[in-house]
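Q: My questions will all concern the structure given below.
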């Protein structure tokens, strides 16, 4: 027996799920199961307490799918990673999501893991946080009274998890001017153990970087913006050496993790590559024939 | 009793909320072709198809897949006739110790059901969750190409 006995609940609506979550003692939400069930197995192995109630969201149809209109993209919380990867709606600034999803774990996991689980499981090494901060995405929750609460992904990761609410969807505004670069490094080549991720977004006005977001995921803390790097880039233009110079303008506390010099070095290479990638994208756009 | 639809056959099972699909397949229904290995979603040995997608039965609650179309390795052959993927694995010597092969074949089948002519990148994408400790990947990729050709000819 891999898991301790539990009571399984299968609500059919988000409101019903929120009410169950609010009323049941020792309840946990089951989305794709790729974090939770492994976590419960580990707790059982260690002889630690596991929740008595599991509320599965897998049968709530209103929480599945991707919708796009002229202004924004809505990804519902129970949409699995491979459905995001394969979505025809990932155009313009949303296309960075395809790169991110491509790099998440393994194919069966991508068939099971959900956007909601990735964001709300509160593991520091999950992938979507960094890119959704760069995309300035909002998370929408519904409570047991049916009221909607909206919070930015950045604030959600900075603050404590919502209680008694169900994450229903993420909304992202469309922006054709933003360019994105995403770098992700894993610790091992044969099993996906993320080490770090870097997502840099900018809008080039002429040669100048503007409206830059530089989001770092050091996998020890939640993804966060490097405001020092952003300020430097927003005062810079795409010239030779800017990527190297940017490395002198980092908020060092983000990268100073457990005295890991190797990781700090990999971060520097990844940031440099991300900035060069943005410059290359701009040059390709300006000179498509070269 | 709850009904699970496995390999197009209905099974009446007394399901408990905490039982994984892997446990139910192997321990309650004796469908032992699906292998138990890491039990923490790393190795892919327990891969089955649910609604034609490759998923890991070790991190799937059996009660969560009631009403879904579950396919295990036992459901591929048609009597004495092997499924094209199974036949291709045999023809290309793609199994070494063979322990990972049921999971590997289920991932291949899910891929080829949607795309009979996958390129190398698509094959690697589909199989990146199945670990072969004998490292026999090249012959497995050869088998996928052959099975895809065979399946395309029969569409």
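The values are calculated or read from the model by the stated rules, or taken from the named source; none is laboratory data. Note that this is a predicted model, so its numbers are computed, not measured. Every residue, glycine as well, gets a Cβ built from its backbone with ideal geometry; the counts of neighbours run over all protein chains shown.
Q: Yes or no: the stretch B:55-67 includes at least one residue that is under 30 Å from residue B:135 (Cα atoms), assigned to a loop (DSSP other than H, G, I, E, B) and touching a helix residue (DSSP H, G or I) at 6+ places or on another chain (Cβ under 7 Å).
A: Yes.
Q: Continuing with the same structure: Please tell me if residue A:55 is buried (at least 20 other Cβ atoms within 10 Å of the Cβ), without any contact (Cβ under 8 Å) to a residue 60 or more places away in the chain and either under 30 Å from residue B:28 (Cα atoms) or not assigned by TED's automatic domain parsing to the domain that holds residue A:142 (or both).
A: The answer is yes for residue A:55.
Q: Looking at A:90, A:48, can you tell me which residue is in a loop (DSSP other than H, G, I, E, B), out of contact with any strand residue (DSSP E or B) (no Cβ under 7 Å at 6 or more places or on another chain), crowded, with 18+ Cβ neighbours inside 10 Å and more than 10 Å from chain B (Cβ to nearest Cβ)?
A: After applying the criteria, what remains is A:90.
Q: Considering only residues that are within 11 Å of chain A (Cβ to nearest Cβ), in a loop (DSSP other than H, G, I, E, B) and surrounded by fewer than 24 Cβ atoms within 10 Å (Cβ to Cβ), which ones fall in the stretch B:102-154?
A: If the condition is that a residue be within 11 Å of chain A (Cβ to nearest Cβ), in a loop (DSSP other than H, G, I, E, B) and surrounded by fewer than 24 Cβ atoms within 10 Å (Cβ to Cβ), then B:128, B:131, B:132, B:133, B:135 are the ones that fit.
Q: Inside the stretch A:101-125, can you point out the residues that are in contact (Cβ under 8 Å) with a residue 60 or more places away in the chain, under 26 Å from residue B:103 (Cβ atoms) and more than 14 Å from chain B (Cβ to nearest Cβ)?
A: A:125
Q: Here is a follow-up. Answer with yes or no whether residue B:57 is at the interface with chain A (Cβ under 10 Å from one of its Cβ atoms), touching a strand residue (DSSP E or B) at 6+ places or on another chain (Cβ under 6 Å) and on the phi < 0 side of the Ramachandran plot.
A: Answer is yes for this residue.
Q: List the number of the failed condition for residue B:42; all other conditions in (1) crowded, with 21+ Cβ neighbours inside 10 Å; (2) within 9 Å of chain A (Cβ to nearest Cβ); (3) part of a loop (DSSP other than H, G, I, E, B) hold.
A: Answer for residue B:42: the failing condition is (1).
Q: Would you confirm whether or not the stretch A:204-227 contains a residue that is in a helix (DSSP H, G or I), in contact with a helix residue (DSSP H, G or I) (Cβ under 7 Å, 6 or more places away or on another chain) and modelled with pLDDT under 95?
A: Scanning the stretch A:204-227, I find no residue that is in a helix (DSSP H, G or I), in contact with a helix residue (DSSP H, G or I) (Cβ under 7 Å, 6 or more places away or on another chain) and modelled with pLDDT under 95, so the answer is no.
Q: Going residue by residue through the stretch B:16-32, is there one that turns out to be over 13 Å from the mean Cα position of the chain (by Cα), more than 8 Å from chain A (Cβ to nearest Cβ), buried (at least 21 other Cβ atoms within 10 Å of the Cβ) and without any contact (Cβ under 8 Å) to a residue 40 or more places away in the chain?
A: Yes.
Q: Test each condition in (1) surrounded by fewer than 18 Cβ atoms within 10 Å (Cβ to Cβ); (2) at the interface with another protein chain (Cβ under 8 Å from one of its Cβ atoms) for residue A:3 and report the one that comes out false.
A: (1)
Q: Kindly evaluate residue A:65 against the criterion of being on the phi > 0 side of the Ramachandran plot and away from chain B (no Cβ under 14 Å).
A: Answer is yes for this residue.
Q: To continue, here is another question. For residues that are within 20 Å of residue A:73 (Cα to Cα) and touching a helix residue (DSSP H, G or I) at 6+ places or on another chain (Cβ under 9 Å), tally how many sit in the stretch A:131-185.
A: So in the stretch A:131-185, the residues within 20 Å of residue A:73 (Cα to Cα) come out as A:131-142, A:148-156, A:166-182.
Those left that are additionally touching a helix residue (DSSP H, G or I) at 6+ places or on another chain (Cβ under 9 Å): A:131-139, A:141-142, A:152-154, A:156, A:166-170, A:172-182.
Residues that pass the stated criteria total 31.
Q: I've got another one for you. Examine the stretch A:12-30 for a residue that is within 12 Å of another protein chain (Cβ to nearest Cβ), closer than 16 Å to residue A:121 by Cα, touching a helix residue (DSSP H, G or I) at 6+ places or on another chain (Cβ under 7 Å) and crowded, with 18+ Cβ neighbours inside 10 Å, and state whether such a residue exists.
A: yes
Q: Being within 14 Å of chain B (Cβ to nearest Cβ), within 30 Å of residue B:104 (Cβ to Cβ) and not in a strand (DSSP E or B): is that true of residue A:82 here?
A: yes
Q: From A:185, A:172, A:133, A:166, grab the single residue that is surrounded by fewer than 17 Cβ atoms within 10 Å (Cβ to Cβ) and either in contact (Cβ under 8 Å) with a residue 12 or more places away in the chain or out of contact with any strand residue (DSSP E or B) (no Cβ under 8 Å at 6 or more places or on another chain) (or both).
A: So the residue among A:185, A:172, A:133, A:166 that is surrounded by fewer than 17 Cβ atoms within 10 Å (Cβ to Cβ) and either in contact (Cβ under 8 Å) with a residue 12 or more places away in the chain or out of contact with any strand residue (DSSP E or B) (no Cβ under 8 Å at 6 or more places or on another chain) (or both) is A:185.
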